1. Step by step: first the residues of segment 190-215, then only those that are loosely packed, with under 15 Cβ neighbours inside 10 Å and of a type outside the set (Asp, Glu), then the one that is nearest to Ala124 (Cα to Cα). Which residue is that?
2. Does Phe166 satisfy the criteria of being among the aromatic types (Phe, Trp, Tyr) and within 14 Å of the ligand (Cβ to nearest atom)?
3. Could you list all residues from segment 307-331 that are under 19 Å from the mean Cα position of the chain (by Cα) and either closer than 18 Å to Ser287 by Cβ or free of Cβ contacts under 8 Å to residues at least 60 places away in the same chain (or both)?
4. Return the residues of segment 107-133 that are away from the ligand (no atom under 14 Å from the Cβ) and either surrounded by 23 or more Cβ atoms within 10 Å (Cβ to Cβ) or hydroxyl-bearing (Ser, Thr, Tyr) (or both); say none if nothing qualifies.
5. Show the residue pairs that are 6+ apart or on different chains and have beta-carbon atoms under 6 Å apart, the first residue being within segment 248-272 and loosely packed, with under 15 Cβ neighbours inside 10 Å, the second being part of a helix (DSSP H, G or I) and not hydroxyl-bearing (Ser, Thr, Tyr).
6. Tell me which residues, restricted to segment 143-172, are among the charged types (D, E, K, R), closer than 16 Å to Arg196 by Cβ and either outside the structural domain of Asp221 (by TED's automatic domain parsing) or part of a loop (DSSP other than H, G, I, E, B) (or both).
7. Might you check whether a residue that is out of contact with any Lys or Arg (no Cβ under 7 Å at 6 or more places or on another chain) and within 16 Å of the ligand (Cβ to nearest atom) occurs anywhere in segment 291-301?
8. Are any residues in segment 291-345 over 17 Å from Ile372 (Cα atoms), assigned to a loop (DSSP other than H, G, I, E, B) and of a type in the set (D, E, K, R), and if so, which ones?
Amino acid sequence: MNLDLTEEQALIQASARAYAQERIAPRAAQIDADGVIPDEVLSGLAELGLFGVNLPEELGGAEAGVVAYSLAMEEVAKACASTAVTMAVTSMVGEVIAAFARPEVARVYCPKLCSGALRAGSFALSEPEAGSDPGAMRTTAREVDGGWVLDGSKQWITSGDFAGVFVVWARTGGPGTRGISAFLVDADNPGLKVGRHEEKMGLRGSSTTALHLEECRVEADALLGELHGGFKIAMMALDGGRIGIASQALGIGEAALAEAVAYAKERETFGTPIANHQAIQWMIADSRTELDAAALLTRRAATLKQAGGRFSSQAAMAKAYASEAACRVCDRALQIHGGYGYTKEYAVERHYRDVRVTRIYEGTSEIQRIVISRELLR
Ligand code: CAA
């Protein structure tokens, strides 16, 4: 695997880093406190092309590939994990539309997602009783003259209250994974209602809501891919999405480690900076090593996806390892800060809360281990 960045990848990384550090990082604590990402933060990401890094140019994207996307995601996550997940889910939705919508439909939605005209995209797969097991979903879509009518409820929907377009999965056939289809639903569809807003421990700037579909009618061309083929679309999208979440976890971990290093050099105990104590040095060394390992796994998965090969298992390894490593890194970073790390005075408190969900969403660590072991055991 070649670890050198191409000129284009380096440029995207640098511009994402500059924008994230100058324009997002200074507002991250406020975004967390207010529970809202300001419009100008999202429109700035769109202007830089960060909502369509891996989308074709003809659909409004940057066509810069998966490695560039992963690097940009890491940079945004270093500054603000809430903004990063909004970018991650919007990018995933853009890729689903580009790959599975009818070409004339993709030409309408993808450029609007990339330009920020739709503000964000939303991925409506999970339900109150079908999270890890989406094959158990209950939302239905029944065929009517010229279209479909969707009924049911969705849960844990990122950007559910402000996204411009939703990919919604619903049952069109019998039970299990083979009777599910995917549909595009506009935010202004009168049958789509935003439900409860979740009060989360972290990622508080990113809204997470329920959705209710009540006689929600869509046209025939809203069907994505093949009828009853929706489960595979979700799995393929999540394979790619997991590279995004691994990158997000990496970014949060990097931010926490940088703060821990700076604090350790400054804070003194027993007459010397705490960086001179071996207990602290070992925590820093372990964190650096684990983040590097996570970065290599993530780069491998991104490189494989970009090359067009199979990458489900590698994406699952990257996501499981990076999220768990980043949780350990944030925990150590907080410990290095001592009591101050437990207060809102230091960003490490936010990183500690934000990072926790990376072990849960887009497939829990336990689900990733199913994906990894199945490939070995089949
Ligand atoms: N790519 C393509 N096809 C795939 C696939 C993949 N990665 N994984 C499975 N499939 C296919 C299988 O080949 C199979 O096809 P056939 O019907 O032709 O045989 C079909 O899909 C069913 O596969 P399984 O029998 O393996 O399905 P399963 O019910 O046992 O589930 C699972 C497998 C991996 C556990 C899956 O259910 C899973 O990933 N669960 C986690 C769901 C998840 O990640 N949810 C996240 C919610 S979205 C979110 O968090 C976004 C956000 O807003 C932040």
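The values are calculated or read from the model by the stated rules, or taken from the named source; none is laboratory data. Predicted model only: the values in this text are computed from it and were never measured. Please note: Cβ atoms are built from the backbone with ideal geometry, for glycine as well, and neighbour counts cover all protein chains shown.
1. Here the residue is Lys193.
2. So Phe166 fits the description; yes.
3. Answer for segment 307-331, where residues must be under 19 Å from the mean Cα position of the chain (by Cα) and either closer than 18 Å to Ser287 by Cβ or free of Cβ contacts under 8 Å to residues at least 60 places away in the same chain (or both): Gln314, Met317, Ala318, Ala320, Tyr321, Ala322, Ser323, Glu324, Ala325, Ala326, Cys327, Cys330.
4. Within segment 107-133, Tyr109, Cys110, Leu113, Cys114, Ser115, Leu118 qualify.
5. Lys265/Ala275
6. Asp161
7. yes
8. Selection gives Lys344, Glu345.
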